[in-house]
1. Please give the solvent-accessible surface of A:Ile184 in Å², to the nearest 10, using a probe radius of 1.4 Å with every protein chain present.
2. How would A:Arg139, A:Arg260, B:Arg52 rank on accessible area, largest to smallest, probe 1.4 Å?
3. Rounded to two decimals, what ratio of Rg to Rh does the range A:76-196 give with C-alpha atoms and a Kirkwood Rh?
4. How would A:Glu145, A:Glu336, A:Glu165 line up by accessible area, probe 1.4 Å, largest first?
5. Across the Cα atoms of chain A, what radius of gyration and what greatest pairwise Cα-Cα distance (Dmax) are found, in Å?
6. Obtain the nm distance between the two label points defined at B:Asn12 and A:Ala328 by a simple spin-label model: each point lies 7 Å from its Cα along the Cα-to-C-beta direction.
7. Suppose accessible area is computed on protein heavy atoms with a 1.4 Å probe; arrange A:Asp304, A:Asp288 from highest to lowest.
8. Check cross-link reach from A:Lys195 to the lysines: straight Cα distance under 20 Å, and skip same-chain residues fewer than eight apart.
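The values are calculated or read from the model by the stated rules, or taken from the named source; none is laboratory data. Worth saying up front: this structure is predicted, and the values here are computed from it rather than measured. Don't worry about glycine lacking a Cβ; one is built from the backbone with ideal geometry, like all the others, and counts go over all protein chains shown. Accessible surface areas use protein heavy atoms only, side chains included; no ligands, DNA or RNA. Shrake-Rupley method; radii C 1.70, N 1.55, O 1.52, S 1.80 Å.
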Amino acid sequence: MRSVGAGEGRRAHRCEGAFARGVPILAFLAFAGCVRGPQSTFAGAGTEASSVEGLFWWMLWGGVAIWIVVLGVGVYASRPRPAAHDEIVGKRMILWGGVVFPTVTLAILLGFGLALMPPFRGPAEGQAIAVSGERFWWRVAYDVEPGQTGVARGLPPGGIESANEIVLPLGVRTEILLGSPDVIHSFWVPAIAGKVDAIPGRVNRIVLEPTKTGVFNGVCAEFCGDAHAQMAFRVVVVTPEEYAAEVARQASPAVLTGTRGEELFLANGCGACHSVRGTEAQGRVGPDLTHVGSRRTIAAGILDNTPENIAQFVRATGHVKQGVEMPAYPMLDDDELTAIADWLGALQ
Amino acid sequence: MHLLPSGKTRDNLWTLITPPTVWAWHFLLSYITAAYACAPNDAIFEAIPGPRLLVAVLTVVALAIIAWCGVRAWREWQSEYVAPPFNEASPAHRERFLEFSTLLLAGLSFVGVVFVAMPALFVVDCR
């Protein structure tokens, strides 16, 4: 082993110093990079997210100010004036700086937060959307009766079924009714609003009021099992007119039937778990696939919706998404997989 | 409550933990009140003035008890003032220590009760 010379050692030390200085800059850039992304609470794409963002900045800068004052007092007490200080002054500082100031600050913040909450949870407009968190995907039903929240309840039946993608009308307060048949999940679209749990045996509600059109990410924010981190969804915000058209489109049966892909889909038993309205596939276990081709992602928000990805997922589900309930189909040959994937991809 | 010949309280662990105990009971009763009113979760936009008033009464009572404990501790500490720390192994220092500690706990409990009650001030229904 070659020993490191003094010059090299200094250079290495300088490099480490530069690296140490660079880390905060890199961290800041990484932070800045995700500030306005589709999964950021800073995207300001909803009234609630914008309010929470405002509160965050107040608390951040308030925290920075307190940090500077506390450190400043510490430096003052130890460097310019290291000798013993006047006892009365010290006690006053403890009383005002350590008791009165934090109590009043916390009271103001608590009051500010409490005043924000009731309007967020106020009444919504129009029909509700039922969303069921299921290991590890999201069942969606448009056009259900709103307001049926409470304990010892399930989500209202009916509605126009879809999965893993929720279309929302811009500027409308839309009620999302949340439930779950298995374990506790948490519904969170950071760009638009806060999070609310989906709890078995009760129906919770959250109101989303988007203020920007676009596609945003949603996630499960409560650990629910192996594939918890891969239990995502997309939220697509469109104008109210486009929303009405989209719900009508979702209500229609599958646009393409009678293909070889459909035959293979049914012959291999996929219809036992999945529904494709307009065909014999009427399963209720897994996601409704009637319009799966029009969704932006597959496998609950983790893969781009391409025929190749659909084929890959069907062939090796557990490899793509560990813990997924759907079995893999490695026995299908490439030709069959391609036919099924092409058909599903065509279900716009 | 044991009284000393001077008419003052002989402080012990029970007098010390009275303020935080009142805080804990206030929290529990306020929580049960809100849970009882809102658990069915049927009419979430219907105002619940009764339970809010009950929380207000509980709050006034709790604050009064805590304030009384704090004032008593303050008076007795001041009347035979010893500055902290109360390091001597003597009955007088033991008393001053307990009185001073009770005063601090009363202050903390007072703020705690106010913070616990604030949601009932801002939120008028079960939403």
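1. Around 70 Å² of this residue is reachable by solvent.
2. On the way: A:Arg139 35, A:Arg260 115, B:Arg52 70 Å².
Ranking A:Arg139, A:Arg260, B:Arg52 by accessible area, largest first, yields A:Arg260, B:Arg52, A:Arg139.
3. Working: Rg = 24.7 Å, Rh = 18.7 Å.
On the Cα set of the range A:76-196, Rg over Rh gives 1.32.
4. Values: A:Glu145 105, A:Glu336 45, A:Glu165 15 Å².
Largest accessible area first, the residues go A:Glu145, A:Glu336, A:Glu165.
5. 26.9, 91
6. 7.0 nm
7. Numbers: A:Asp304 105, A:Asp288 10 Å².
I get A:Asp304, A:Asp288, largest accessible area first.
8. A:Lys212
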